[in-house]
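> My questions will all concern the structure given below.
The values are calculated or read from the model by the stated rules, or taken from the named source; none is laboratory data. Since we're looking at a predicted model, the values are computed, not measured. No Cβ is skipped: glycine too gets one built from the backbone with ideal geometry, and neighbour counts run over all protein chains shown.
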C-alpha cells in the first residue's frame, strides 16, 4: 500500500473519530443524538466488547441511524467486525449465523436471534475510549454485507475502511453536501445504499438526519415540508408512490434514487412537479457506486464517477475503483467484471443493456432465479421447475413467475416457499403442470413459458 494513500486515510479516520467540540455539540439525528452522543455510544460499545476475548463479530440488526453510526465508528476503532444483514427474519438470521458464526448482536427484535448470540444494548462511555492510534489498516476488511440470502446460500461481501470512506467522501464532495443539510430517507441503514446515503455521507458532512424511515407517499412529502429537509434518499418504488397531484417539496436541493433504475415516467413526473431531477446512483454492494444520471441531462446513459475507471469486456461492463469489495475477481489491469451488459455512449458514458446472469431486481432487492428454482425442486412431489423473470414497466424491476411439475396445489406450494424465502423472492404467479417440455439438451422454450403468464402480469 502506498504510504501517502495510507496517511490520507489515517487523517480521515482521525477527523471522524476525534471530532472538535463544536462538531460534538451539533445534532446528528434531528432532535435526538448529537455527534458527541454517537461518539460516546461508540466508546461504550468498544468498552463492552473489550471485556470479551477472541474475535468479536457483531451483527447490526437495527434501523437506528445513530446506533448504526456508533457501531461503524467502534468497528473502525478495532473493537469488532461488523455484519449487516439483508433482512431481520428468523431464517435470514439463521442463514447469516451459519455463514459467519457471529457471536454478538444489536437487535431491534432480539427474539429472532439464533441461540447463543449475546444481545448488546449500547451504553455511552467517555469518548476518550476511542483511541485513534488503534484504528484499523484502511485496506483490511472490517464490515460484511449480505446479498441474495433469501434465494439460497447468502453471498457475503466485505468492505474495507477505504472502500466505504472513499466513496462517502467522494459523494459528499460531488453533490456538495454540507452541515447545512437535513437528510430524509425511505430506505433502512442496514443496506449499503442506506448506510452510505443516510448515515455515512451525512455524518462526514456534519449534517443532520431525520431518525425514522418514511415509506408512505404523503408521509414522505409532509415530513420533507414540515422539517424543510434538503436531501431525499429514496428508491424507485417510492418515487412511483409519490406520483400524486400535491407533490411539492420546495426545500429539497438534492434527491437520490438507487436499488434499480427509475421508470422514466416516474422520474419525469417528479422533475416536472418539483423542478428537481432525481439523481440515480448505479452500482451494487460489491462494486460500490459506479455512475449516476439525472433526467435533467436528457439522456438515458450513465455518467461514470470521476474515481471510477471502466471498460467493456465483450459486452460486459468492468470497473476499477477504491470502492470494490476485496472478494471481487480482478483482471491483470485491476478491473472487476460486473453482472451487467452495456454499450459505450459519448462523453465517458454508457448505456445499460440488462443483466448478463440470472440475478434480477424485485422491489429493489436482488434475487437469484436459479437458486429459487433449485429450492422449489427440493420440495415434496416436485419433479421439475422453471423460474423466469418477466419485465415490468418499472425500469429494471421484474416479476418472478414459476412453472412447477408437482402434485401440490399452488396455494400449498406458495406457503412452503414463504417459509423458505423472503416475500419478495417468492414467485408472484405459479403454474402447476404435469410435466415441463424440454429439448433433448434439457433446454426449455422460454417464449412459451412467458406466454403462459403474459396476460396475467400486465
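> List the number of the failed condition for residue 219; all other conditions in (1) touching a helix residue (DSSP H, G or I) at 6+ places or on another chain (Cβ under 9 Å); (2) surrounded by fewer than 22 Cβ atoms within 10 Å (Cβ to Cβ) hold.
Exception for residue 219: condition (1).
> What is the number of the single condition among (1) closer than 21 Å to residue 361 by Cβ; (2) without any contact (Cβ under 8 Å) to a residue 60 or more places away in the chain that residue 246 does not meet?
Only one criterion in (1) closer than 21 Å to residue 361 by Cβ; (2) without any contact (Cβ under 8 Å) to a residue 60 or more places away in the chain is unmet by residue 246, namely (1).
> Looking only at residues in the stretch 263-300 that are under 23 Å from the mean Cα position of the chain (by Cα) and part of a loop (DSSP other than H, G, I, E, B), which one is farthest from residue 166 (Cα to Cα)?
263
> With the condition kept exactly as written, say whether any residue in the stretch 100-122 is touching a strand residue (DSSP E or B) at 6+ places or on another chain (Cβ under 9 Å), farther than 23 Å from residue 192 by Cβ and assigned to a helix (DSSP H, G or I).
Yes, some residue in the stretch 100-122 is touching a strand residue (DSSP E or B) at 6+ places or on another chain (Cβ under 9 Å), farther than 23 Å from residue 192 by Cβ and assigned to a helix (DSSP H, G or I).
> Please go through the stretch 284-294 and pick out each residue that is under 12 Å from residue 268 (Cα atoms) and buried (at least 21 other Cβ atoms within 10 Å of the Cβ).
none
> Right, something else. For the structure I just gave you, tell me whether residue 36 is at positive phi, surrounded by fewer than 22 Cβ atoms within 10 Å (Cβ to Cβ) and more than 24 Å from the chain's Cα centre (by Cα).
Numbers: at positive phi: no; surrounded by fewer than 22 Cβ atoms within 10 Å (Cβ to Cβ): yes; more than 24 Å from the chain's Cα centre (by Cα): yes.
In short, no.
> If we scan the stretch 153-162, do we find a residue that is within 18 Å of residue 11 (Cα to Cα), in the same structural domain as residue 71 (by TED's automatic domain parsing), modelled with pLDDT of 90 or more and part of a helix (DSSP H, G or I)?
Yes, the conditions are met somewhere in the stretch 153-162.
Yes or no, residue by residue, for (1) without any contact (Cβ under 8 Å) to a residue 12 or more places away in the chain; (2) touching a helix residue (DSSP H, G or I) at 6+ places or on another chain (Cβ under 9 Å); (3) farther than 24 Å from residue 360 by Cβ; (4) in the same structural domain as residue 25 (by TED's automatic domain parsing):
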position: 239; (1), (2), (3), (4): no, yes, no, yes
position: 272; (1), (2), (3), (4): yes, no, yes, yes
position: 282; (1), (2), (3), (4): no, no, no, yes
position: 288; (1), (2), (3), (4): no, yes, no, yes
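> Here's something else I'd like to know. Identify, please: which residue in the stretch 331-381 is in contact (Cβ under 8 Å) with a residue 60 or more places away in the chain and at positive phi and is, among those, farthest from the chain's Cα centre (by Cα)?
Applying the filter and picking the extreme gives 363.
> Same structure again: Going by the structure shown, is residue 232 assigned by TED's automatic domain parsing to the domain that holds residue 97, in a loop (DSSP other than H, G, I, E, B) and modelled with pLDDT of 95 or more?
The answer is no for residue 232.
> Can you pull out every residue in the stretch 30-39 that is within 21 Å of residue 107 (Cβ to Cβ) and in a helix (DSSP H, G or I)?
37, 38
> If only one of 197, 203 is in contact with a strand residue (DSSP E or B) (Cβ under 6 Å, 6 or more places away or on another chain), buried (at least 20 other Cβ atoms within 10 Å of the Cβ) and at pLDDT 95 or above, which one is it?
197
> Before we move on, is residue 361 within 21 Å of residue 453 (Cα to Cα) and at pLDDT 90 or above?
Considered against the rule, which asks whether it is within 21 Å of residue 453 (Cα to Cα) and at pLDDT 90 or above, residue 361 comes out as no.
> So which residues in the stretch 288-304 are closer than 22 Å to residue 195 by Cβ and out of contact with any strand residue (DSSP E or B) (no Cβ under 6 Å at 6 or more places or on another chain), if there are any at all?
Of everything in the stretch 288-304, just one residue is closer than 22 Å to residue 195 by Cβ and out of contact with any strand residue (DSSP E or B) (no Cβ under 6 Å at 6 or more places or on another chain), namely 288.
> Any residue in the stretch 30-52 that is outside the structural domain of residue 127 (by TED's automatic domain parsing) sitting within a Cβ distance under 8 Å of a residue that is modelled with pLDDT of 95 or more and surrounded by 22 or more Cβ atoms within 10 Å (Cβ to Cβ)? List the pairs, counting only those 6 or more apart or interchain.
From the stretch 30-52, no pairs qualify.
> With the condition kept exactly as written, say whether any residue in the stretch 44-58 is under 23 Å from the mean Cα position of the chain (by Cα), surrounded by 17 or more Cβ atoms within 10 Å (Cβ to Cβ) and at pLDDT below 85.
No, that holds for no residue.
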